[in-house]
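As structure tokens, the structure follows; a few thoughts come after it.
Values quoted throughout were computed directly from the atomic coordinates according to the rules given, and no laboratory measurement underlies them. Computed from a prediction, not measured in an experiment: that's the story for all the values here. Here the Cβ positions follow ideal geometry from the backbone for every residue, glycine too, while neighbour counts run over all protein chains shown.
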Amino acid sequence: MAYLKPDKPEKVYVPALRAAKEKNEKLVCLTAYDYPTARIVDEAGVDIILVGDSMGNVIHGYGNTIPVSLEEILSATKAVKRGASRALLVADMPYGSYHTGDNKAVRNALKLMKYGGAEAVKLEGGRNRVDLVKRLVDEEIPVMAHIGLTPQSVHKLGGYRVQGKTTDDAKRLIEDAQMLEDAGAFAIVLELVPREVAAIITEELKISTVGIGAGTNCDIQVLVLHDLIGFTFGRQPRFVRQYANVSGVITDAITRWMDDVRSGNYPAEAESYGLPEDVDAEKLKASMPF
Ligand code: KIV
């Protein structure tokens, strides 16, 4: 990889994605929703940070992404912006923020850019979003599209399943991808799509594909940080490879601290503060009216 390595700290801008694809360089994208994780992810050298509406599942406990509000994404984007200096910062447009007219969608996307510090927005949908993508791009807002499994459609889809498994569905996905590229999207998330379909889209498009559960051929891989580090609950989808057990580390730290408190081992003298030498504790006590 030429210039996107952590030891080459150039800021990542949208055009870097196209340049990387042309050179066959894989990029990486992770989610972050707050300042400390943004710092860690950015300093580790991740190329793109997504303030994803997966925060609905991961940090708010809503069970899905539907209730996530623009205010929640905006607040998280501001925090992530303060922690990230190199990665391209993409903010998700939550459900309802781009569904009631293009003017409103543009206003909401502008808020994420202007007040949140986002450098691009992501939204879900295929051919039904083509006009909106064109409009956003016209207003200088870079758009990452998202097709395949679109979690904001969970009620319509009836669950989280692999998309594009029949010939007709796969063709439709490939067409959608092409239409979104033509509309001006700079990248497309392919979520839960058969690897062969993702490979065709990646080969056919000039813009980058961002795969999650879509095989190895995508230009960029994205994961939810909390899944990668084992800081989530419940069964994980098969595409998640867990590299750490942060929940276990936290539980262990809390358990040891509780044991120390209960056994009188915490805090030690060095972990507390004493009176200055000129103040006598005995005299102080004697001077009190009890
Ligand atoms: O919200 C999110 O984190 C996402 C990624 C999983 C692509 O949409």
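What chymotrypsin sites (Phe, Trp or Tyr not before Pro) does the range 230-269 have in DSSP loop regions with at most 16 other beta carbons within 10 Å? It would help to have the intermediate numbers written out before the result.
Values: sites: F231, F233, F239, Y243, W257; in loops: F231, F233, F239, Y243.
Taking the range 230-269 and a limit of 16 other Cβ atoms within 10 Å, the loop chymotrypsin sites (Phe, Trp or Tyr not before Pro) found are F233, F239, Y243.
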I'd like the distance between the alpha-carbon centres of the range 164-186 and the range 45-121, rounded to an integer number of Å. 24
Tell me, what HN-Hα J-couplings in whole Hz come from the Karplus equation 6.51 cos²θ - 1.76 cosθ + 1.60 at θ = phi - 60° for each residue of the range 195-201, using x for Gly and Pro? 4, 5, 5, 4, 5, 4, 4
Per-residue ³J(HN,Hα) for the range 178-185, Karplus 6.51 cos²θ - 1.76 cosθ + 1.60, θ = phi - 60°, Hz, x for Gly and Pro: 4, 5, 5, 4, 4, 6, x, 4
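Counting each DSSP H run of 4 or more residues in the chain as -39500 (n - 2.57), what helix-only mean residue ellipticity at 222 nm follows after dividing by all residues, to the nearest 500 deg cm²/dmol? Mind dumping the intermediate values first?
Values: 12 runs with 117 residues, N = 290.
Result for the chain, helices only: -11500 deg cm²/dmol.
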Tell me which trypsin sites (Lys or Arg not before Pro) from the range 212-275 have a DSSP coil assignment and no more than 16 other beta carbons within 10 Å of their own. R235, R238, R241
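Which loop GluC sites (Glu not before Pro) in the range 62-139, with loop taken from DSSP, have no more than 14 other Cβ atoms within 10 angstrom of their Cβ? Show your work: numbers first, answer last.
Values: sites: E71, E72, E119, E124, E139; in loops: E119, E139.
Sites meeting the loop and neighbour criteria: E139.
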Which residue, M144, M55, M258, has the most motion in a Gaussian network model of the chain that connects Cα atoms within less than 10 Å? M258
³J(HN,Hα), Karplus 6.51/-1.76/1.60, whole Hz, each residue of the range 23-38, x for Gly, Pro: 9, 6, 9, 7, 10, 10, 9, 10, 7, 8, 10, 8, 5, x, 5, 4
Hey, in the GNM for the chain with a 10 angstrom Cα cutoff, which one of T37, T232, T167 fluctuates hardest? T167
Anyone know which of E271, E204, E196 comes out most mobile in the 10 Å Cα GNM of the chain? E271
